[in-house]
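Enquirer: First the structure, then my questions, so here it is.
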Amino acid sequence: MQKFKLGTATAAFQCEGHLETDGRGKCIWDDVLLNDKSIAKYNPEPASDFYKSFDVDIKLAKEYGIEVFRLSIAWSRIFPTDASTVNKKAVEQYHKMFKAMIEKGIIPNVTLHHFDSPQWFVEKGDFLSKENIDDFLVFAEFCFKEFSEIKYWSTLNEINAYSGQKNISAALPPYFRLEYGHFFKQQYNMVLAHAKTVNLFKKLKIDGEIGVPCSVSPMAPLDENNPDDVLASDRANAVSNWSFVEPITTGGYSQETLKLINSVLKNYDFIFEPQEKDLKEIHQAAKNLDWVGINYYFTTFVTKADADFDFTINSTGEKGKSKFNVPWLWKTAIRPDLKYTHWDWAIYPEGLGHVVKWISEKFNCKLPIHITENGYGDLEDMTKTPFIKDYDRIQYIQDHFDVIQKLIDEGEKIEHYYLWSHMDMFSWTNGYNKRYGLFYVDFETQKRYEKLSAYWWLEKSKQDRLDEKVDLKELEKKLGK
Ligand code: BG6
């Protein structure tokens with residue numbers, strides 16, 4: 001397997017901590033999590049102390065066969081107060097971080113925006129305002145030129161999810177609920193921001209590759225033979241997935257997608273119409289893009305929606321708590337034949353195959369694909385057991401590896417896989433309860449401990465094919481655990 005690389009992923013706000021260090025400015029989450037007690041649940045400090053202790057995690061990455069490492073630069077560290085005043089201390093710290101990786105032969109893949117707009121940018125309207133895109137371009141250009149050691153760049157993480165948190169689920173300022181008009185405006189502006197960033201990257205002739213991590217969770221019909229379920233699935237996919245994946249991969253919007261989107265939006269008093277001038281930029285970006293990223297965790301099974309809105313997020317890991325009903329769109333349904341995580345996410349590796357085929361066949365996009373996130377969140381507690389044997393996580397990753405290997409064998413160009421996450425980190429809506437890492441973090445002492453999955457991963461990194469298996473019994477015997 002020549003080009004394929006195995007890696008792990010992180011995001012600045014979720015792992016760095018040090019909210020007050022080196023002149024960092026606030027980002028959108030600071031006040032939401034620290035001050036607003038009606039919403040505040042978790043303190044994002046100290047997270048995993050990565051801003052200072054990155055050496056520890058990079059050393060582990062090297063020891064456990066990690067070749068590529070996804071991380072993000074916090075915009076509010078580099079430009080803490082406005083769009084033009086650079087904070088040199090943070091710039092130096094990121095250089096040190098990247099150097100530590102590169103010296104060990106680990107390739108960084110750096111995201112410019114991972115859900116963390118600076119507070120000053122939020123006060124100007126964030127990406128809801130098209131004029132603000134220029135501020136992001138200043139940041140992007142600065143990073144491209146300053147951090148010339150980086151050869152893989154990602155523009156904006158999960159454009160749809162960030163737009164949804166602000167305008168549909170009311171999790172972030174301006175706390176809009178079910179405002180599909182605003183959702184579409186912001187998502188469209190972020191697609192445009194992505195496009196302009198990619199075009200700028202190429203105009204500046206930056207040495208390296210640029211891509212975008214897209215959160216694509218298919219909305220599959222509960223019953224494929226039920227026309228109501230199929231219609232709910234088509235509408236939900238058009239609104240939640242194709243509305244941003246299609247312009248990113250094809251450079252435009254098909255009539256089919258626009259028709260489906262607007263059949264829903266008219267009920268929310270909004271009609272979505274992309275503008276000619278923007279489409280030129282978006283079209284050019286699709287040609288300039290080097291790779292497409294897929295963040296895939298689960299598939300949602302849907303059926304016909306009821307009239308009343310219901311959006312209950314399971315943020316505790318108590319199974320069965322989540323409920324979603326979005327009028328005119330979809331209602332979630334449970335497939336009794338599938339396994340679900342504690343957070344009610346259906347474990348459905350085939351869904352990753354469906355997403356890859358959407359990109360390569362439905363949208364006829366032949367760019368290389370990076371799986372920029374995939375992973376298994378669990379409740380884990382080392383005060384109860386001295387060694388975390390995370391069999392469910394291992395099974396989850398292996399099942400997804402099997403799908404990826406099959407896709408590669410079929411000729412799909414999948415080049416990188418990033419497990420979410422490298423070590424345990426802070427989770428936006430679940431605090432420190434939901435752990436994803438190969439390495440357990442004791443958030444009191446900041447010590448790292450290998451989970452069984454870390455040892456398993458090391459064995460995987462030595463294999464030629466992703467669908468080869470590791471004998472766990474043998475491995476445990478060898479480890480004496
Ligand atoms: C992705 C995000 O959507 O999912 C990550 O890019 C996030 O930042 C991950 O942490 C897992 O989500 P959660 O809610 O389980 O932490």
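The values are calculated or read from the model by the stated rules, or taken from the named source; none is laboratory data. Keep in mind that what you see is a predicted model, and the values were worked out from it rather than measured. Every residue, glycine among them, receives a Cβ derived from its backbone with ideal geometry; neighbour counts consider all protein chains shown.
Enquirer: For the stretch 373-402, give me each residue that is among the β-branched types (Val, Ile, Thr) and surrounded by fewer than 19 Cβ atoms within 10 Å (Cβ to Cβ).
Expert: Thr383, Thr385
Enquirer: Every residue in the stretch 141-197 that is basic (Lys, Arg) and touching a helix residue (DSSP H, G or I) at 6+ places or on another chain (Cβ under 9 Å), please.
Expert: Scanning the stretch 141-197 gives Lys166, Arg177, Lys185, Lys196.
Enquirer: Could you tell me which residue of the stretch 152-168 is farthest from the ligand (Cβ to nearest atom), considering only residues that are assigned to a strand (DSSP E or B) and out of contact with any Cys (no Cβ under 9 Å at 6 or more places or on another chain)?
Expert: Per the criteria, the residue is Tyr152.
Enquirer: Specify the residue that is nearest to the ligand (Cβ to nearest atom); the eligible residues are those in the stretch 427-436 that are under 14 Å from the mean Cα position of the chain (by Cα) and at pLDDT 90 or above.
Expert: For the stretch 427-436, the residue satisfying everything is Ser427.
Enquirer: Further question: Note down all Cβ pairs under 8 Å where the first residue falls in the stretch 415-427 and is closer than 14 Å to Ser453 by Cα and touching a residue at least 12 places away in the same chain (Cβ under 8 Å), the second is within 11 Å of the ligand (Cβ to nearest atom) and basic (Lys, Arg), and they're at least six residues apart or on different chains.
Expert: Asp424/Arg435
Enquirer: Could you please give the count of residues in the stretch 18-28 that are within 16 Å of the ligand (Cβ to nearest atom) and in contact with a Phe, Trp or Tyr (Cβ under 6 Å, 6 or more places away or on another chain)?
Expert: Of the residues in that region, 0 qualify.
Enquirer: Give the stretch 85-108 a look and list any residue that's part of a loop (DSSP other than H, G, I, E, B) and either buried (at least 22 other Cβ atoms within 10 Å of the Cβ) or at pLDDT below 95 (or both), or say none.
Expert: Across the stretch 85-108, there are no qualifying residues.
Enquirer: Could you give me the residue pairs with C-beta distances under 6 Å whose first residue belongs to the stretch 198-217 and is among the β-branched types (Val, Ile, Thr), whose second residue is in a loop (DSSP other than H, G, I, E, B) wherever it lies, and which are 6+ apart or on separate chains?
Expert: What qualifies is Val198/Leu289; Ile210/Asp290.
Enquirer: Let me ask something else. Of everything in the stretch 408-426 that's crowded, with 21+ Cβ neighbours inside 10 Å and not in a strand (DSSP E or B), which residue is nearest to the chain's Cα centre (by Cα)?
Expert: The selected residue is Ser421.
Enquirer: Another question, if that's okay. Scan the stretch 279-297 for residues that are in a loop (DSSP other than H, G, I, E, B) and surrounded by fewer than 20 Cβ atoms within 10 Å (Cβ to Cβ) and report the count.
Expert: 1
Enquirer: If you check every pair at least six apart or on different chains, which have Cβ atoms under 7 Å apart with a residue in the stretch 223-248 that is hydroxyl-bearing (Ser, Thr, Tyr) first and a residue that is part of a helix (DSSP H, G or I) second?
Expert: Ser240/Asn160; Ser243/Gln187; Ser243/Thr257; Ser243/Ile261
Enquirer: Of everything in the stretch 117-159, what is surrounded by fewer than 22 Cβ atoms within 10 Å (Cβ to Cβ), of a type in the set (S, T, N, Q) and in contact with a Lys or Arg (Cβ under 8 Å, 6 or more places away or on another chain)? Give them in sequence order.
Expert: Those that are surrounded by fewer than 22 Cβ atoms within 10 Å (Cβ to Cβ), of a type in the set (S, T, N, Q) and in contact with a Lys or Arg (Cβ under 8 Å, 6 or more places away or on another chain): Gln119, Asn132.
Enquirer: Among the candidates Ile408, Ile394, Ile414, single out the residue that is at pLDDT 95 or above, away from the ligand (no atom under 16 Å from the Cβ) and within 28 Å of Tyr162 (Cα to Cα).
Expert: Being at pLDDT 95 or above, away from the ligand (no atom under 16 Å from the Cβ) and within 28 Å of Tyr162 (Cα to Cα) holds for just one of Ile408, Ile394, Ile414, which is Ile414.
Enquirer: Are any of the residues in the stretch 448-460 closer than 28 Å to Phe115 by Cα, within 15 Å of the ligand (Cβ to nearest atom), modelled with pLDDT of 95 or more and part of a strand (DSSP E or B)?
Expert: Scanning the stretch 448-460, I find no residue that is closer than 28 Å to Phe115 by Cα, within 15 Å of the ligand (Cβ to nearest atom), modelled with pLDDT of 95 or more and part of a strand (DSSP E or B), so the answer is no.
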